[in-house]
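Notes for the one structure printed next.
The values are calculated or read from the model by the stated rules, or taken from the named source; none is laboratory data. Bear in mind the structure is a predicted one, so any value in this text is a computation, not a measurement. Cβ placement follows ideal geometry from the backbone for every residue including glycine, while neighbour counts extend to all protein chains displayed.
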Amino acid sequence: MPERWTLVTFPFARQPGVNRKQIRGLAELEFIAMAENIVITGNTGVGRTGLACGLLLKALENRYRCQFIKAQDLFDETILSNSEQRTILTRTILRTILSARQVI
């Protein structure tokens, strides 16, 4: 994981655009039990990766299987898999994602 923020150590004070109440709600992990996906959007530097890592760590603490994949890496691998350069890694990543209950 690129960031080691937990939801406790995330610098909310430096990111006024992040809704703490909404993040605390997501930290309950009900979206996992309901098989719902979440997408974190925002400009560069607002903490999307840190929040995603914090939620992933919270899910790991609650014994969920998790994997972190950057969206750009996923897109790049998908494009490569659609070309003549199909790789085992691409098929493995896509198989993992397609078999996952949730994607964060």
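Structural remarks
- The stretch 21-55, residues that are aliphatic (A, V, I, L, M) and more than 13 Å from PHE10 (Cα to Cα): LEU26, LEU29, ILE32, ALA33, MET34, ALA35, ILE38, VAL39, ILE40
- Considering residues of the stretch 35-46 that are under 17 Å from GLY25 (Cβ atoms) and out of contact with any Lys or Arg (no Cβ under 8 Å at 6 or more places or on another chain) only, the residue surrounded by the fewest Cβ atoms within 10 Å (Cβ to Cβ): VAL39
- Picking from residues in the stretch 54-96 that are closer than 19 Å to ALA35 by Cβ and among the polar types (S, T, N, Q), the one that is modelled with the lowest pLDDT is THR96.
- Residue within the stretch 16-31 that is in contact with a Gly (Cβ under 8 Å, 6 or more places away or on another chain), at pLDDT 85 or above and in a loop (DSSP other than H, G, I, E, B) present: yes
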